[in-house]
1. May I ask you to list the lysines whose Cα is less than 28 Å away from that of K30, ignoring any residue fewer than eight positions away on the same chain?
2. In 5 Å bins starting at zero, report the fraction of Cα pairs in the range 16-140 per bin as a rounded %.
3. So what's the angle, to the nearest 10 degrees on a 0 to 90 scale, between helix 2-41 and the longest Cα principal axis of the chain?
4. In nm, what is the difference between 0.36 nm times the number of residues separating I15 and K38 and their Cα-Cα distance?
5. Rolling a 1.4 Å sphere over the protein heavy atoms, what is the accessible area per residue of the range 48-128, to the nearest Å²?
6. Compare F18, F89, F60 in a GNM of the chain, Cα atoms joined below 10 Å, and give the one with the largest fluctuation.
7. Report, in debye and to the nearest 20, how large the dipole of the chain comes out about its Cα centre when Lys and Arg carry +1 and Asp and Glu carry -1 on their Cβ.
8. Let me have the 222 nm mean residue ellipticity of the chain computed from DSSP H runs of 4+ only, each contributing -39500 (n - 2.57), with the sum over all residues rounded to the nearest 500.
Amino acid sequence: MSAIIVLILRVLIAIALFAFLGCVIMVLWKDLQQTIKKSTEYQISSIYLTLPASGLAYSFSQPEFYIGREPQADLQIPDETLSALHTRFFFKNNHWMVEDLQSTNGTYLNEDRLSTPSVLVEGDEITCGKVQVLVSFIPD
């Protein structure tokens with residue numbers, strides 16, 4: 001009689017052990033899939049901005065940055081024709097985009113005034129107030 005009880009206990013312990021291992025493998029698999037998804041979602045290509053008037057070039061690889069006159073702007077340009085936060089650049093759907101932030105003097109993309117966010121391509125020229133900015137995705 002005691003041999004049957006020991007056998008049943010051994011089988012139950014084996015089932016519990018396999019269930020535990022199955023749960024551990026499933027959790028690890030889901031974590032791996034989530035990590036892979038995050039790493040492919042957030043691969044942001046760098047964008048390079050050149051100010052022809054000064055010859056200065058800047059590189060950005062964060063998902064969002066701002067051009068403006070005030071210190072809170074990521075690219076601060078002390079020009080009176082710029083608003084405090086004039087223009088926003090952001091990375092969305094694998095493309096860099098530009099958006100005017102209701103600035104007084106407007107933001108122009110290749111001489112067309114921006115009214116909605118627009119996709120940027122290599123060689124685009126952005127004018128913020130009187131400041132000209134050239135866009136590139138290949139480092140100079």
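The values are calculated or read from the model by the stated rules, or taken from the named source; none is laboratory data. Source: prediction; values computed, not measured. We place every Cβ from the backbone using ideal geometry, glycine too, and count neighbours over all the protein chains shown. Each accessible area value is taken on the protein alone, full model and side chains, heavy atoms only, with ligands, DNA and RNA left out. Shrake-Rupley method; radii C 1.70, N 1.55, O 1.52, S 1.80 Å.
1. Correct list for K30: K38, K92.
2. 2, 10, 18, 20, 14, 8, 5, 5, 4, 4, 4, 3, 2, 1, 0
3. So the helix axis and the longest Cα principal axis differ by about 10 degrees.
4. 4.8 nm
5. Counting only protein heavy atoms, the per-residue value for the range 48-128 is 55 Å².
6. Top of the fluctuation ranking is F18.
7. Dipole about the Cα centre, nearest 20: 1040 debye.
8. -10500 deg cm²/dmol
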